[in-house]
């Protein structure tokens, strides 16, 4: 099994978990935030929907410098749940296709991630993809789970049962 094939198995699971969480976001709560320092729910939902673009950039680009980005930032304005899900589908399809085409050698190349002169990461694409994309997405999807709970919306069973639904392995 190639590195990409292994990552795609995890990718499909995490995108499905993200989708199941985003499907529960309601338009009337787009401005909800549990704390003044927290991101509003709608913006956080759009961030989760577009994070796969970062995975795509890790696979496709030679590096990334946040101080002078070569690519535009994703629009995080929440319009509707349907638009959010459409963004997830589009971004995930782009990332999945790039990953499926990536060789083991390509994924083992170092991918510099900087903010000007500050090195944020200088690991392989594989390591950066797993830590900066997968873990980043999982972290924010979990945050959305807290937002859902605080608004009495059902929390999906992602890695085990939640108080709202049973879990079964797929």
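Can you confirm whether residue 128 is modelled with pLDDT of 95 or more, surrounded by fewer than 18 Cβ atoms within 10 Å (Cβ to Cβ) and more than 15 Å from residue 14 (Cβ to Cβ)?
Details: modelled with pLDDT of 95 or more: yes; surrounded by fewer than 18 Cβ atoms within 10 Å (Cβ to Cβ): no; more than 15 Å from residue 14 (Cβ to Cβ): yes.
So residue 128 fails the test.
Among the residues of region 84-107, just one is in contact with a helix residue (DSSP H, G or I) (Cβ under 6 Å, 6 or more places away or on another chain) and surrounded by fewer than 14 Cβ atoms within 10 Å (Cβ to Cβ), namely 104. In region 25-60, of all residues being in a loop (DSSP other than H, G, I, E, B) and surrounded by 19 or more Cβ atoms within 10 Å (Cβ to Cβ), the one that is nearest to the chain's Cα centre (by Cα) corresponds to 51. Check region 138-149 and report whether any residue there is within 15 Å of residue 53 (Cα to Cα) and out of contact with any helix residue (DSSP H, G or I) (no Cβ under 6 Å at 6 or more places or on another chain). Looking for residues that are within 15 Å of residue 53 (Cα to Cα) and out of contact with any helix residue (DSSP H, G or I) (no Cβ under 6 Å at 6 or more places or on another chain), one finds at least one in region 138-149, hence yes.
If the condition is being touching a helix residue (DSSP H, G or I) at 6+ places or on another chain (Cβ under 8 Å), free of Cβ contacts under 8 Å to residues at least 40 places away in the same chain and either within 22 Å of residue 148 (Cα to Cα) or crowded, with 16+ Cβ neighbours inside 10 Å (or both), then region 61-83 contributes 74, 76, 77.
Considering region 41-52 alone, what residues qualify as being touching a helix residue (DSSP H, G or I) at 6+ places or on another chain (Cβ under 9 Å) and more than 16 Å from residue 7 (Cβ to Cβ)? 41, 42, 44, 45, 46, 47, 48, 49, 50, listed by residue number.
Tell me yes or no: at least one residue of region 90-105 is modelled with pLDDT of 95 or more and in contact with a strand residue (DSSP E or B) (Cβ under 8 Å, 6 or more places away or on another chain). Steps first, please.
Taking region 90-105 as the starting set, the residues that turn out to be modelled with pLDDT of 95 or more are 90-105.
Imposing the further condition that a residue be in contact with a strand residue (DSSP E or B) (Cβ under 8 Å, 6 or more places away or on another chain) reduces the set to none.
No, because not a single residue in region 90-105 is modelled with pLDDT of 95 or more and in contact with a strand residue (DSSP E or B) (Cβ under 8 Å, 6 or more places away or on another chain).
Taking first residues from region 92-110 that are within 21 Å of residue 51 (Cα to Cα) and partners that are modelled with pLDDT of 95 or more and not in a helix (DSSP H, G or I), the Cβ contacts under 8 Å between residues at least 6 apart in sequence or on separate chains come to 107/124; 110/122; 110/123; 110/124.
Cβ separations smaller than 7 Å between residues 6+ apart or across chains give no pair from region 118-141 residues that are at positive phi and without any contact (Cβ under 8 Å) to a residue 12 or more places away in the chain to residues that are assigned to a strand (DSSP E or B) and buried (at least 16 other Cβ atoms within 10 Å of the Cβ).
The values are calculated or read from the model by the stated rules, or taken from the named source; none is laboratory data. Here the structure is a predicted model, which is why all the values come from computation and not from measurement. Every residue, glycine as well, gets a Cβ built from its backbone with ideal geometry; the counts of neighbours run over all protein chains shown.
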